[in-house]
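Note sheet for the following structure.
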Amino acid sequence: MRIKQYGQWKTANLKQRFFYWSAAILVGGGLLLSLLSFWNTRRLLMADAMTKSEVILREVEAIRSYVKEELRPKMYELHGRDKFIIEAMSTTYISTNIMSRSAESMPQYSYRRVSLNPHNPGNLADPFEDEMFNWFEEDPTRMFWQGIVKKNGASFFVSMVPDYFEVSCIRCHGKAEDAPKELIARYGLDGGFRFKAGDLAGINSVAIPVSDSLREAWQGSLVLFALTLGGSFFLLWLLTLLFQRLVVERLAVMLSLVNHREPGKKSMFNGGDEIDVLHDSFGALGSYVRSARKGASLQPNFIGPYVVESPIAAGAISWIYQGHVAKTKEKVSLKIGFDDVLQNPLYHACLKTELGLFEKLSHPCLPEVKERVGDDLILEEVRGRSLIHLLDKGPLGEQLLLYVFSQLCDLVASFHAAGVVHHDLRPHILMLDEQGKLNLIDMGLATVDQQQDPIMAAGLGPQGDLLYLAPEQIRGERGDPRSDIYALGVLLYFSATGQLPFSEERKTEQQWLRHKKLIKKGDISRGSLSESFEQIAYRALSYEAEKRYQWVEDMWKELGALQVNGVCGRTIENNRGHSDDGGT
Amino acid sequence: MRLMVFSDIHGNLEALQSVLADAAQRNVDRSICLGDLVGYGPNPNECVSLIRSLNKCRCLAGNHDAAIFWGMSPYGMTGAARKSIFWTMEQLTPENKNYLQGLPDRLDILNMTFVHANPYNPRGWNYVLDRKYALRSFAATACRNLFIGHSHRPMVITRKNILSIDLLEVSGSRNIAVKDTKRRIVNCGSVGQPRDADPRACYLVVDLKKEVFEYYRVEYDLEKTVKAIRSAGLPALLGRRLMNGT
Ligand SMILES: [Fe+2]
Ligand SMILES: [Fe+2]
């Protein structure tokens with residue numbers, strides 16, 4: 001299966017497979033449903049016919065036994081043994097006569113009493129009934145038969161009961177010379193004789209036409225099939241739409257990240273659907289993790305005309321190295337992606353975004369880009385030490401703290417104004433030189449609002465240091481500018497006290513969330529901070545994004561106004577002015 | 001947070017400079033430009049470069065910006081507009097053209113949405129000036145405040161209920177305090193070619209904390225722009241429109 005070009009993302013055939021399989025399942029299900037419904041309707045129809053015909057046959061039985069046991073003996077008593085009045089003494093004559101009368105009011109039922117050798121030629125068995133005679137005669141224990149019989153193009157539900165001669169019947173059905181003369185006068189000597197007691201006399205049968213009902217049942221299930229088919233396709237359309245939104249589009253984004261081709265290079269994936277391709281990609285990530293654990297990464301010595309010296313700090317997906325220009329000895333910093341991380345195309349996409357941001361954004365607190373060599377950036381020299389080093393030795397002084405935050409807030413405001421969210425503000429990537437000048441050296445997890453976010457699209461879960469992440473980021477959502485404000489709150493607290501606003505021993509994400517929800521004012525600072533400073537830090541640390549500062553500028557305005565009262569509630573001796581270059 | 005919202009500069013450098021100088025005194029934290037940086041006016045390059053150099057300023061694409069790189073056809077425009085677009089195409093530097101091409105159509109920030117013309121069909125460039133299109137715009141967004149430009153007429157449209165609106169044309173410099181939580185469409189007017197019979201440049205500052213829309217009208221050197229239009233060989237009608245504010 002070839003991966004084909006589809007819009008701006010490459011996509012394989014997950015959607016088609018989903019569609020065809022769902023269509024097959026839905027159509028098959030619809031077919032099964034309508035067959036089941038037809039079968040059930042037919043079963044109910046049969047049960048109904050069975051009950052009705054049984055009633056009729058029982059009735060006939062009752063008439064015949066009444067004639068045999070009550071009427072005929074009474075007639076003999078009144079008129080003598082020689083007299084035979086057919087209308088009052090013949091079971092067959094009376095029962096067929098009564099049933100043909102009731103058939104007039106119920107034309108849908110037809111009752112027949114047939115024989116292979118009847119007195120009345122109208123009661124002669126037809127070929128099917130002839131067969132049934134044989135069937136009953138084969139085994140005298142067979143007392144009942146029911147089934148569907150086709151006659152003249154119509155279907156009937158037929159119930160049949162065999163009837164055997166008793167001794168009292170033999171007078172009329174035995175030897176012809178013994179038979180009453182009234183009988184012979186009416187039917188002649190042709191049929192109905194030479195039987196003995198115990199012979200199969202005839203079959204009583206009731207036929208109920210079922211063609212119409214069967215046709216209705218069949219039509220009903222056809223309608224049902226059509227309806228389920230229509231409904232299924234509507235459902236299928238909805239499901240495909242949902243599937244496209246929830247799965248295919250997001251997969252396509254991830255796929256475009258893992259499958260982007262360098263010119264001249266062949267794509268590393270060329271078979272299977274999206275999931276297969278991603279499976280391969282995550283396989284590559286696994287091999288990265290294994291090799292990284294072994295410490296397989298090598299430090300480069302030269303990049304173009306630059307000599308790489310020792311690393312200064314680690315970002316999310318890259319190192320910052322010291323270095324210099326080989327010829328002129330001019331000092332520079334180099335941003336070099338973690339060799340093995342970049343084998344994962346998702347992180348590679350993040351690095352590309354990061355490099356682009358360094359090139360696009362300009363701010364006093366961002367080192368200037370001198371040159372881009374492939375996926376490496378040559379930056380102006382970054383001096384000083386990271387904020388985490390400084391905080392290891394204790395809190396920042398008030399003056400320095402406010403100076404650092406004036407720069408940091410302005411930097412973050414510039415990011416947000418440009419539609420960039422940093423997502424990973426922490427003291428390890430903030431460098432301070434001797435003059436207190438701040439430099440941010442990493443934007444590895446930053447996003448731009450007009451660009452696809454690979455981390456979100458891949459559903460990679462929380463990225464970054466859980467200590468500094470906002471609750472919504474820990475929950476796996478991709479944060480907005482207010483998540484950066486949360487990180488600023490942590491940094492602010494950390495810088496003022498030298499301690500984090502919560503202890504570090506929490507391990508799982510759930511524990512972190514619970515902990516970040518519970519922090520209370522004064523928990524850890526124990527009164528070492530001024531009321532108004534703590535107010536600012538805790539507003540930035542609000543669990544719900546809506547309760548935080550919505551804008552970095554608002555946070556800085558309150559923080560900047562503190563200079564008079566101070567961070568710790570003491571007056572500041574030499575209040576150094578800071579550069580606030582906010583505003584347009 | 002004080003947010004400056006301005007739009008429709010249309011290559012009028014004098015107006016843009018005066019507006020920025022005025023805004024510099026008003027404690028603005030960030031600014032958003034709703035597009036139409038070029039077209040009509042005589043200084044497209046200078047205006048685009050000035051906007052690009054602004055700190056904490058975000059810019060959207062307008063129809064005239066889109067016309068520069070044929071994102072919409074200049075042949076659909078009126079005669080004077082079309083002529084000035086072709087003239088501007090020749091004037092703009094490649095970097096400035098690239099900048100215009102990279103501008104987004106829409107921004108959503110917290111409970112605010114920003115577009116040049118309308119949110120329901122951003123590249124259809126309909127004017128939102130009446131009930132029908134205002135209601136359609138409200139239906140197409142979920143934000144509380146929608147900021148638009150394009151019609152060059154400062155205006156605040158308040159949604160009263162699902163069927164009716166309140167339309168307020170804003171004249172002169174004026175503060176409009178918001179006292180309820182109703183949804184609004186706010187047109188920030190035009191910097192470089194006002195069309196509400198007031199030739200002064202118009203811009204808006206939104207004070208998000210106090211919930212006030214502050215409209216400002218700024219005088220600028222009209223004569224200079226009109227002269228520049230003439231010497232650039234652009235239609236004289238464009239100069240007259242600036243003088244009359246139409
Ligand atoms: Fe315009
Ligand atoms: Fe416009």
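Looking only at helices (runs of 4 or more DSSP H) that fall completely inside the range B:60-159, which ones have 3 or more residues that are of a type in the set (A, V, I, L, M, F, W, C)? Before the answer, list the steps.
Values: elements: B:63-68, B:79-91, B:94-101, B:131-140.
By residue number, B:63-68, B:79-91, B:131-140.
Selection of strands (runs of 3 or more DSSP E) fully inside the range B:175-246 by the criterion of at least 1 residues being at pLDDT below 95 returns nothing. Of the residues B:128, B:156, B:170, the single one that is closer than 23 Å to residue B:212 by Cβ, within 16 Å of ligand 2 (Cβ to nearest atom) and not polar (S, T, N, Q) is B:128.
Just the residues that are in contact (Cβ under 8 Å) with a residue 12 or more places away in the chain and away from ligand 2 (no atom under 16 Å from the Cβ), please, taken from the range B:53-74. Reasoning before the result, please.
At the first step, the residues of the range B:53-74 found to be in contact (Cβ under 8 Å) with a residue 12 or more places away in the chain are B:54, B:56-69, B:71-72, B:74.
The answer is B:54, B:56, B:57, B:58.
Kindly establish whether residue B:195 is touching a residue at least 24 places away in the same chain (Cβ under 8 Å), buried (at least 19 other Cβ atoms within 10 Å of the Cβ) and within 30 Å of residue B:164 (Cα to Cα).
On the way: touching a residue at least 24 places away in the same chain (Cβ under 8 Å): yes; buried (at least 19 other Cβ atoms within 10 Å of the Cβ): no; within 30 Å of residue B:164 (Cα to Cα): yes.
So residue B:195 fails the test.
Within the range B:205-237, the set of residues being touching a residue at least 24 places away in the same chain (Cβ under 8 Å) and either small (Gly, Ala, Ser) or within 16 Å of ligand 2 (Cβ to nearest atom) (or both) comprises B:228, B:231, B:232, B:233. Listed conditions (1) more than 14 Å from ligand 1 (Cβ to nearest atom); (2) among the hydrophobic types (A, V, I, L, M, F, W, C); (3) within 14 Å of chain A (Cβ to nearest Cβ) are all met by residue B:48, apart from (3).
Residue pairs whose Cβ atoms lie under 6 Å apart, sitting 6 or more positions apart in sequence or on different chains, and linking a residue in the range A:382-396 that is over 29 Å from residue A:369 (Cα atoms) and not assigned by TED's automatic domain parsing to the domain that holds residue A:498 to a partner that is acidic (Asp, Glu) and not in a helix (DSSP H, G or I), do not occur here.
State whether the residues of the range B:79-98 include one that is within 14 Å of another protein chain (Cβ to nearest Cβ), over 18 Å from the mean Cα position of the chain (by Cα) and either at pLDDT 90 or above or more than 13 Å from ligand 2 (Cβ to nearest atom) (or both). It would help to see each step written out before you state the result.
Initial filter on the range B:79-98 (within 14 Å of another protein chain (Cβ to nearest Cβ)): B:95, B:98.
Next, from what is left, pick out any that are over 18 Å from the mean Cα position of the chain (by Cα): B:95, B:98.
With either at pLDDT 90 or above or more than 13 Å from ligand 2 (Cβ to nearest atom) (or both) added as a condition, the list becomes B:95, B:98.
Yes, that holds for at least one residue.
Looking across the range B:1-20, the residues that are within 18 Å of residue B:221 (Cβ to Cβ), away from chain A (no Cβ under 11 Å) and not acidic (Asp, Glu) come down to B:9, B:10, B:11, B:12, B:13, B:15, B:16, B:17, B:18. Select from the range A:406-461 the residues that are in a loop (DSSP other than H, G, I, E, B), within 14 Å of chain B (Cβ to nearest Cβ) and within 23 Å of residue A:554 (Cβ to Cβ) and list them in ascending order. Across the range A:406-461, the qualifying residues are A:418, A:419, A:449.
Looking across the range B:199-232, the residues that are of a type outside the set (A, V, I, L, M) and within 16 Å of ligand 1 (Cβ to nearest atom) come down to B:199, B:202, B:203, B:225. Determine, yes or no, whether residue A:300 is surrounded by fewer than 17 Cβ atoms within 10 Å (Cβ to Cβ), modelled with pLDDT of 85 or more and part of a loop (DSSP other than H, G, I, E, B). No: the conditions fail for residue A:300.
So, in the range A:461-515, exactly how many residues are surrounded by fewer than 18 Cβ atoms within 10 Å (Cβ to Cβ) and modelled with pLDDT of 90 or more? Number satisfying all stated conditions: 0.
Residue count for the range A:462-499, restricted to those that are more than 14 Å from chain B (Cβ to nearest Cβ) and among the basic types (Lys, Arg): 2.
Within the range B:35-65, restricting attention to residues that are small (Gly, Ala, Ser) and surrounded by fewer than 24 Cβ atoms within 10 Å (Cβ to Cβ), which residue is modelled with the lowest pLDDT? If you could, list the steps in order and put the result at the bottom.
Going through the range B:35-65, the residues small (Gly, Ala, Ser) turn out to be B:35, B:39, B:41, B:49, B:53, B:61-62.
Of the ones still in play, those that are also surrounded by fewer than 24 Cβ atoms within 10 Å (Cβ to Cβ) are B:49, B:53.
Details: B:49: 96, B:53: 93.
Among those that are small (Gly, Ala, Ser) and surrounded by fewer than 24 Cβ atoms within 10 Å (Cβ to Cβ), it is B:53.
Residue check: residue B:117 meets all listed conditions (1) within 16 Å of ligand 2 (Cβ to nearest atom); (2) surrounded by 23 or more Cβ atoms within 10 Å (Cβ to Cβ); (3) more than 20 Å from residue B:68 (Cβ to Cβ) but one, namely (3). Taken over the range A:105-143, the criterion of being polar (S, T, N, Q), part of a loop (DSSP other than H, G, I, E, B) and in contact with a Leu (Cβ under 9 Å, 6 or more places away or on another chain) is satisfied by A:117 alone.
Looking only at residues that are small (Gly, Ala, Ser) and away from ligand 2 (no atom under 16 Å from the Cβ) in the range B:17-52, which one is farthest from residue B:202 (Cα to Cα)? Give the steps one after another, and end with the answer.
Of the range B:17-52, the ones small (Gly, Ala, Ser) are B:18, B:21, B:23-24, B:31, B:35, B:39, B:41, B:49.
From what's left, away from ligand 2 (no atom under 16 Å from the Cβ): B:18, B:21, B:23-24, B:31, B:49.
Values: B:18: 10, B:21: 13, B:23: 11, B:24: 15, B:31: 14, B:49: 20 Å.
That would be B:49.
Restricting A:487, A:457, A:446 to residues that are under 15 Å from residue A:361 (Cβ atoms) and outside the structural domain of residue A:365 (by TED's automatic domain parsing) narrows the list to A:446. Suppose the filter is at pLDDT below 80, surrounded by fewer than 14 Cβ atoms within 10 Å (Cβ to Cβ) and in the same structural domain as residue A:60 (by TED's automatic domain parsing); does residue A:191 pass it? No. Considering the range B:110-161, the residues that are touching a Lys or Arg at 6+ places or on another chain (Cβ under 8 Å) and free of Cβ contacts under 8 Å to residues at least 24 places away in the same chain include one that is farthest from the other protein chains (Cβ to nearest Cβ), namely B:160.
Only a single item in (1) part of a helix (DSSP H, G or I); (2) more than 16 Å from ligand 1 (Cβ to nearest atom); (3) surrounded by fewer than 18 Cβ atoms within 10 Å (Cβ to Cβ) is not met by residue B:14, and it is number (3).
Can you name the residue in the range B:75-109 that is in contact (Cβ under 8 Å) with a residue 40 or more places away in the chain and among the hydroxyl-bearing types (Ser, Thr, Tyr) and, of all such residues, is surrounded by the fewest Cβ atoms within 10 Å (Cβ to Cβ)? That would be B:93.
Cβ separations smaller than 8 Å between residues 6+ apart or across chains give the following pairs from the range B:22-33 residues that are facing another protein chain (nearest Cβ under 7 Å) to residues that are among the acidic types (Asp, Glu): B:29/A:553; B:30/A:553.
The values are calculated or read from the model by the stated rules, or taken from the named source; none is laboratory data. All figures in this text were calculated on a predicted structure; none of them were measured in a lab. When we count neighbours, we look across all protein chains shown, and the Cβ atoms used for this are built from the backbone with ideal geometry, even at glycine.
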